[in-house]
Each structure stands twice: as structure tokens, then as C-alpha cells.
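To keep things clear, I will list the structure first and then write my remarks on it.
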Amino acid sequence: MQNEWINNAFKGEVPSGFQGKVGWQCPSNIALVKYWGKRDKQLPQNPSISFTLSECRSETFVEFEKAGKFGFQFFFEGKENPGFGARIERFLLDNQAFFPFINQLNLKVESRNTFPHSSGIASSASSMSAFVMCLLDIEHQFAGIEHQFAGNFSVDPQKASYFSRLASGSAARSVFPKMALWGATPYYKASSDEYAASLANDIHPVFKTYHDSILIVSGETKSVSSRAGHALMEGNPYATARYAQANESIKNLLAALNSGDLDTFINITESEALQLHALMMCSNPSFILMKPNTLRLISEIRHFREETKIPLCFTLDAGPNVHLLYPDSDVEKVESFIKRDLATCCNQSRWIADHVGDGPKKMQ
Ligand code: PMV
């Protein structure tokens, strides 16, 4: 795959006067089976599965014009922000073998997120995948590389997933509608460590209706980055057991997603969230990203499920915020539960109503 893309990369002269602007929006995603631990060049130690979100997304525009050498400027929410742009610039320079044409282009990138900056929601999955969609779209425009997917893609989603992964691991999963699986597993034929695969055709319809209400416990920047967290898995005494357990979770979750078995879905999803945070507590040095209100919310959610039999459950990202997952059929009851009992545990009573979405969308 990698050699094919290097061999087929456009190595010719960019036509003089070539210029234009492309824009893509890409959603964030929330993992159910967690990716925590990597090896080599952004390859996962275990497979992961996620819901693609809808409301939490990045919107990125790239203006390009033919130039004598590579030029790069990055604007975030209207202001030039070289700090935020550094990661994208590094990604481009590291991957010149795939995109040699960037050395003949001036790029001006403008990006914004639909979710507030202080919501504690990681934006790397959505922002990196939105940028990669723009890059492949530019390549497509002058090199004639085209691919049709789900009607509205003009770039190859597998290629988009591959390069999104190189930019930020979990971003590999953001380019597919509904649900995606990233990482090789014997339980899913189209799986690969190098790119994610769409699960949209292998899931029970109930999962396409899922909501993710994100309960904002804290909007602060995390004390330990996910890059540092992945690295700490190298010395974690439970690493081998964790990777075996994650593979087991993948096998059982794939079966539950297919059959619509909500009890198994809940069981695996909550166990995976708690395992992720248990791994952090067992790292050396150890760290804790949950806050007291994270635990309060978990306890309230479990209590409500027992009382009402509504199949809601929680998951956690690498942070203190709680993602509340439930099918559309229960939206009214769950939203009144959030407003009545959960919002008081949220920072300034903030929560974001998100749901499973359709993946990237071209804006320009
Ligand atoms: O893609 P990264 O390097 O930010 O790592 C993401 C790690 C988790 O969000 C905790 C889990 C996951 O699979 O998304």
C-alpha cells in the first residue's frame, strides 16, 4: 500500500498559475474499544472500534497556489497560529515522499472547531483528518487521482485513513461514516494496522441511531498528553494482558454490534473505558485523569440504568469528561435525566449533544 502510493505519487511539474481553495469538515470520533499503546510509525498495539460523531467536528480550508518552494501558514479561528500549525507542517515535511508536489505549493490553512476550545475535547482526530481530506482533494484536482465512495467522496477513504493515521492515530477512524475499526484482527477481514475500515454495513440499525451526550466535567487541558500516555504503555506491567484483552473485546463487540446485543455492548464499552484509566493508574509514573465528578457521573448513570432498564452506558476518553451513549428511542428520557441529575456534576452545567454521524463532507 505504502509503496504503491509512493510509486504513484504525482512527481511532475505543478502547472504554472495553478491555484484554488478546498474545504472539508471532518468529525471527531469516540472509541469504544480503546487504542492505548503504539509501536513503530503510528501503528496500534491493538485494534480499536469507534463511533463517528457529527456535531463535534473541524472545518478546514486550504488555499493553494503554485510557488517556487514549499510555503505554509496556519490560521486557527481567524488568527494566525504557528503553534497549532506546527504538527501539520511536520506531517507534510515527514511525508514528502507521498506528496512531493507540496514543494511547489504555497499553502494557507484556515481551521476551526465546532466545539468550544475549552471543552476538554481532543481535536486532533477531527483536525488532522480534515486537513488530510483537503490535501488529497488538492492532489486529486491537479493529478486526476479520483475515487468515489458513498457518493460524496472525491478521495480514496482508505488513503485518507492511512495518512490521517500518520498525522494522529485515532484520526484514522474519523473518515468513515457511523463506525470504524482500526487495527488488524482475525475477526474482521478488511482490517489493517495501517488504516481503518468502515463498519457501517456490519452493524445493527440501532447503533446508527446512537447519541453521545458529552458531559463536560472539566475544560482544562489534560495534565498528560495522549502521546505521553501511549509511550508509558511500553513499561506498563499489564501491557501484554491488556493487548490480549482488547483483542477479546474486539471479537465480542463485533458480534454484539452485528446482532444488536445491547447488554454485551454496554458491558464491553464500560469495561474498556475503565481499563483505559486503570492502565494510566498502573503506569510509571502513574497518573489519574478522572475527577471526583467523573466517578459521581458513572455512579449516577449505572444507578439510572438499573432503575429504569434504559440501555444507556458511559465511556471515557483520555480525560475526565463522560460520554453518555444511548439509542435514539430513549432520547427524551435520557435528556431529562441529564438536565435533572447529571448537569450539576458538569463544569458550568455544560454538556454537548452529539450523535453518530456520516463522516467527512466537502465544503468547498
Ligand atoms: O490518537 P491519539 O494519539 O490522540 O490517541 C487516542 C487515544 C484514545 O482517545 C484514549 C483512545 C482512542 O482509541 O481514541
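Each value in this text was obtained by applying a stated rule to the coordinates, not by laboratory testing. The model shown is predicted, which means the values in this text are computed figures rather than measured ones. Cβ coordinates were reconstructed from backbone atoms using ideal geometry, including for glycine residues, and neighbour counts include every protein chain displayed.
With θ set to phi - 60°, apply the Karplus curve 6.51 cos²θ - 1.76 cosθ + 1.60 along segment 308-316 and write out the HN-Hα couplings as whole Hz, x wherever there is a Gly or Pro.
9, 6, 6, x, 9, 8, 10, 9, 10
Normalised radius of gyration for segment 229-348, please: alpha carbon Rg relative to 2.2 N^0.38 Å, two decimal places. Please list the in-between numbers first.
Values: Rg = 15.7 Å, N = 120, 2.2 N^0.38 = 13.6 Å.
Scaled against compact globular proteins, the figure is 1.16.
Enumerate the amide H contacts of residue 20 below 5 Å, restricted to partners 5 or more residues apart or on another chain; note that Pro and chain-start residues carry no placed amide H.
Hits under the 5 Å cutoff: 64.
Over 21 Å between Cα atoms, which of 208/333; 21/79; 159/362; 309/333; 222/291; 21/69 qualify? Don't skip to the end; give the middle numbers.
Details: 208/333 19 Å; 21/79 18 Å; 159/362 16 Å; 309/333 12 Å; 222/291 11 Å; 21/69 18 Å.
Too far apart for the 21 Å limit: no listed pair.
What does the highest-first list of 291-304, 156-169 look like by mean Cβ count within 10 Å?
So the order, starting with the most tightly packed, is 156-169, 291-304.
Per 10 Å bin, what percent of the C-alpha pairs of segment 68-136 does each bin hold, from zero upward?
For segment 68-136, the binned pair fractions read 18, 54, 23, 5, 0 percent.
Check cross-link reach from residue 108 to the aspartates and glutamates: straight Cα distance under 16 Å, and skip same-chain residues fewer than eight apart.
Answer for residue 108, where 16 Å is the Cα cut-off: 59, 63, 65, 77, 80, 89, 137, 139, listed by chain and number.
Find, among the GluC sites (Glu not before Pro) in segment 69-116, those assigned to loop by DSSP (not H, G, I, E, B) with at most 11 other beta-carbon atoms within 10 angstrom.
The qualifying sites are 77.
Across the chain, what fraction of all alpha-carbon pairs, as a whole percent, falls in each successive 20 Å bin from zero upward?
Values per bin, smallest distances first: 30, 57, 13, 0.
Based on the alpha carbons, how large is the Rg to Rh ratio for segment 12-58 when Rh follows Kirkwood? Don't skip to the answer; put the middle values down first.
Working: Rg = 17.6 Å, Rh = 14.2 Å.
Rounded to two decimals, Rg over Rh is 1.24.
Using 1/(1 + (r/R0)^6) with R0 = 41 angstrom and r between the beta carbons of residue 363 and residue 39, what's the FRET efficiency to the nearest 0.05? Can you show the working numbers first?
Details: r = 35 Å, r/R0 = 0.86.
Between residue 363 and residue 39 the formula returns 0.70.
Averaging the inverse of every distinct alpha carbon separation and then flipping it gives the Kirkwood radius. What is it for segment 15-173, in angstrom units?
Value: 16.1 Å, from the Cα pair sum.
Could you work out the relative contact order of segment 51-177? I mean the mean sequence separation of Cα pairs under 8 Å and 6+ apart, divided by the number of residues, in percent. If you can, show how the numbers build up before the last one.
On the way: 195 pairs, mean separation 37.1, N = 127.
29 percent.
Need one word for segment 325-364: rounded, prolate or oblate. Basis is the Cα gyration tensor (sqrt eigenvalues a ≥ b ≥ c); a/c below 1.5 gives rounded, then a/b vs b/c decides.
Oblate is the answer for segment 325-364, as a/c is 1.5 or above yet b/c matches or exceeds a/b.
Of the GluC sites (Glu not before Pro) in segment 1-75, which ones lie in a loop per DSSP and count no more than 15 other C-beta atoms within 10 Å?
Working: sites: 4, 13, 55, 59, 63, 65; in loops: 13.
When the GluC sites (Glu not before Pro) of segment 1-75 are filtered for loop state and at most 15 Cβ neighbours within 10 Å, 13 remain.
Distance between the C-alpha centers of segment 35-64 and segment 169-219? Whole Å please.
First find each Cα centre; the distance between them is then 10 Å.
If you take the square roots of the eigenvalues of the alpha-carbon gyration tensor of segment 8-108 and sort them as a ≥ b ≥ c, do you get rounded (a/c under 1.5), prolate (a/b over b/c) or oblate? Kindly include the intermediate steps, with their values, before the conclusion.
Values: a/c = 2.24, a/b = 1.57, b/c = 1.43.
Here segment 8-108 falls in the prolate category.
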